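Novice: One structure is given below, represented as structure tokens, and several questions about it will come after.
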Amino acid sequence: MDAIDYARAHRQRFVDELCEFLRIPSVSAQPEHREDMERAAHWLCGKLVSAGFPSARVMPTPGHPVVLAEWLAAGPAAPTVLVYGHYDVQPPEPLDEWRTGPFEPTVVGQDVFARGAADDKGQAYVYVKAIEALAATGGTLPVNVKCLFEGEEEIGSQHLEPFVREHAAELASDVAAVSDTHILGKDVPCIVYALRGIACVELEVTGPDHDLHSGIYGGAVNNPLNGLCRIVARLHDEQGRVAIPGFYDRVRPLEPEERADLGRVPFDRAAWLGEAGVSADWGEAGYSIVERTTARPTLDLNGIWGGYTGVGAKTVLPSKAFAKLSMRLVADQDPAQIVELLRSYLAQITPPELSLELRSLHLGEGAVVARDSAALRAADRAYARAFGKAPVLVREGGSIPVVALIKKVLGIDTVLMGFGLPDDRLHSPNEKFHLPNFSRGIETVIHFMNHLSAAHEPA
Ligand code: BES
Ligand code: ZN
């Protein structure tokens, strides 16, 4: 029996184990889930040990723990792959929009519904099972493998950089593999070669030092909620461009060849509108939807609040108003510099009777990886074998800041082999993972490791 047969024979058990993993509510953002985070880390560590890893440990950080494992089974002449994934998930709210409990994984047809199913527990678990299958059938692994599973990806990976720096020698590898993205369709695999960076900030606008009666003061005191809305309205121009002066200065223009490549990425506009649940698209003039969502920088409000939001009316001028916003950045924008540009623009457009405070929440760099490495070729052939179709190369609009961190600290590129689907509803109620992709993902990783090992052999 080879590893592929093994994975097929054990498919149901693999799915059952994934469901066990999904049952642990490892919500990194919510302090009440601290113990669940520990539980998820230990559960994952246990599965690495049962897959055969001689050393797998749960390592504390000042935040949530990191799971680190190493299996140098293939010897010093073979390449070493660093597998990264995250076991934390986004908060499940709003709960009443879930058809089944976010932490009661439910299989409907070929999909498993649960928070974290695709992002990223299901995809991270693909590696654990691929490695188990390889080891159980080959007695060893075709490549050396190191695993780094973190619990703070969804909250900005604050403690990961110091952790990676401190353990750089232990983590040294030839290439990294990350599965935390999606392919274009069930039978349309892709490999991501660029991710956007991110900068998240929070704004606090203060007007009067206490709430005021709107009949007594309204019209003569600038209401911070009105003011904040005017400020926010000035963050984009009429063409859908971000209006912060200097925002585009360092954006690397898209070369005509790359635009042509992106133009050939299979894209079904009607399906895209359907997935998003909108009747029309919107955005920066002069760019296609694919370009706007992957290769151009953006700014979005994620929340805005203040004043009275309870039942009925309350005639009040609130003392404060708040907003959270995120910017998606592309090469060569520097997230910290972009936050400073935003800060100066806000200072300019905030009227004198209001005061505005900007707090930076988290920053993450984007990444562009080589499109023609040996590892990418191994991934390409692996997808072709598992999915029966060669993958296309695409940019991804989401952010996985660890990719830039791995490049910066360990000096290696990452292969982004996603197994999710565009309609997985990441970060949203009714998140799901398509189980055939779980199985094909396991097969892809098995082939990837075999091809990588073969590519490394002296000619
Ligand atoms: N898995 C996502 C990244 C992603 C999103 C890939 C969409 C493909 C499509 C990842 O877990 C994530 O959500 N990252 C955050 C970044 C972070 C700094 C909070 C994101 O992109 O919002
Ligand atoms: Zn993720």
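Novice: Which of the residues that make up region 422-450 are within 15 Å of ligand 2 (Cβ to nearest atom), open to solvent by 10 Å² or more (accessible area, probe 1.4 Å) and within 20 Å of VAL15 (Cα to Cα)?
Specialist: ARG425, LEU426, LYS432
Novice: So for region 127-139 (the condition being within 16 Å of ligand 1 (Cβ to nearest atom) and closer than 18 Å to ASP180 by Cβ), does at least one residue qualify?
Specialist: Within region 127-139, the first condition is being within 16 Å of ligand 1 (Cβ to nearest atom), and the residues that meet it are 127.
Those left that are additionally closer than 18 Å to ASP180 by Cβ: 127.
Checked against the condition, which is being within 16 Å of ligand 1 (Cβ to nearest atom) and closer than 18 Å to ASP180 by Cβ, region 127-139 yields at least one hit.
Novice: Related question: Out of curiosity, is ALA130 more than 30 Å from PRO429 (Cα to Cα) and either touching a helix residue (DSSP H, G or I) at 6+ places or on another chain (Cβ under 9 Å) or part of a strand (DSSP E or B) (or both)? Before the answer, list the steps.
Specialist: Numbers: more than 30 Å from PRO429 (Cα to Cα): no; either touching a helix residue (DSSP H, G or I) at 6+ places or on another chain (Cβ under 9 Å) or part of a strand (DSSP E or B) (or both): yes.
No.
Novice: Looking at ALA130, ALA118, can you tell me which residue is within 12 Å of ligand 2 (Cβ to nearest atom) and buried (at least 22 other Cβ atoms within 10 Å of the Cβ)?
Specialist: On the way: ALA130 fails: within 12 Å of ligand 2 (Cβ to nearest atom).
From the options ALA130, ALA118, the qualifying one is ALA118.
Novice: In region 405-420, how many are more than 20 Å from GLU152 (Cα to Cα) and more than 14 Å from ligand 2 (Cβ to nearest atom)?
Specialist: Qualifying residue count, region 405-420: 4.
Novice: Right, here's the next one. Looking only at residues that are more than 13 Å from ligand 1 (Cβ to nearest atom) and open to solvent by 20 Å² or more (accessible area, probe 1.4 Å) in region 174-207, which one is nearest to LEU299 (Cα to Cα)?
Specialist: Once the filter is applied, the top-ranked residue is GLU202.
Novice: What pairs come up if the first residue lies in region 386-407 and is open to solvent by less than 20 Å² (accessible area, probe 1.4 Å), the second is among the polar types (S, T, N, Q), and their beta carbons are under 6 Å apart, counting only those six or more places apart or on different chains?
Specialist: The qualifying pairs are ALA386/THR444; GLY397/THR293; GLY397/THR294; VAL403/THR414; ILE406/THR414.
Novice: Just to verify a result, which residue in region 64-108, among those that are charged (D, E, K, R) and more than 16 Å from ligand 1 (Cβ to nearest atom), is most open to solvent (accessible area, probe 1.4 Å)?
Specialist: So in region 64-108, the residues charged (D, E, K, R) come out as 70, 88, 93, 96-97, 99, 104.
If we keep only those that are more than 16 Å from ligand 1 (Cβ to nearest atom) as well, we get 70, 96-97, 99, 104.
Working: GLU70: 55, ASP96: 135, GLU97: 109, ARG99: 180, GLU104: 118 Å².
Result: ARG99.
Novice: Of everything in region 1-56, what is closer than 17 Å to PRO436 by Cα and either open to solvent by 50 Å² or more (accessible area, probe 1.4 Å) or modelled with pLDDT under 95 (or both)? Give them in sequence order.
Specialist: ASP5, ARG8, ALA9, HIS10, ARG11, GLN12, ARG13, ASP16
Novice: Test each condition in (1) open to solvent by less than 10 Å² (accessible area, probe 1.4 Å); (2) more than 14 Å from ligand 1 (Cβ to nearest atom) for PRO162 and report the one that comes out false.
Specialist: (1)
Novice: Output the number of the condition that VAL402 fails; it satisfies all remaining conditions of (1) at pLDDT below 95; (2) touching a helix residue (DSSP H, G or I) at 6+ places or on another chain (Cβ under 7 Å); (3) within 14 Å of ligand 2 (Cβ to nearest atom).
Specialist: With respect to (1) at pLDDT below 95; (2) touching a helix residue (DSSP H, G or I) at 6+ places or on another chain (Cβ under 7 Å); (3) within 14 Å of ligand 2 (Cβ to nearest atom), VAL402 is out only on (1).
Novice: Could you give every pair whose Cβ atoms fall below 6 Å, whose first residue belongs to region 222-249 and is free of Cβ contacts under 8 Å to residues at least 12 places away in the same chain, and whose second residue is assigned to a loop (DSSP other than H, G, I, E, B) and surrounded by fewer than 19 Cβ atoms within 10 Å (Cβ to Cβ), counting only separations of at least 6 or pairs across chains?
Specialist: Here the result reads ASP237/ALA243, each pair linking region 222-249 to a residue that is assigned to a loop (DSSP other than H, G, I, E, B) and surrounded by fewer than 19 Cβ atoms within 10 Å (Cβ to Cβ).
Novice: Considering region 140-150 alone, what residues qualify as being open to solvent by less than 10 Å² (accessible area, probe 1.4 Å) and either of a type outside the set (A, V, I, L, M) or in a strand (DSSP E or B) (or both)?
Specialist: ASN144, VAL145, CYS147, LEU148, PHE149, GLU150
Novice: Another question about this same structure. Within the bounds of region 414-422, is there any residue that is away from ligand 1 (no atom under 16 Å from the Cβ) and either of a type in the set (Phe, Trp, Tyr) or free of Cβ contacts under 8 Å to residues at least 60 places away in the same chain (or both)?
Specialist: No, there is no match, as no residue in region 414-422 is away from ligand 1 (no atom under 16 Å from the Cβ) and either of a type in the set (Phe, Trp, Tyr) or free of Cβ contacts under 8 Å to residues at least 60 places away in the same chain (or both).
Yes/no matrix, rows are residues, columns are (1) surrounded by 13 or more Cβ atoms within 10 Å (Cβ to Cβ); (2) more than 22 Å from the chain's Cα centre (by Cα):
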position	(1), (2)
GLY246	yes, yes
ARG250	yes, yes
ARG264	no, yes
ALA270	no, yes
SER279	no, yes
THR298	yes, no
ASN302	no, no
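The values are calculated or read from the model by the stated rules, or taken from the named source; none is laboratory data. Only a predicted model underlies this, so the values are computations on that prediction, with no experimental measurement involved. Counting neighbours? That spans all protein chains shown, and the Cβs are built from the backbone with ideal geometry, glycine included. With ligands, DNA and RNA removed, areas are computed over all heavy atoms of the protein, side chains included. Shrake-Rupley method; radii C 1.70, N 1.55, O 1.52, S 1.80 Å.
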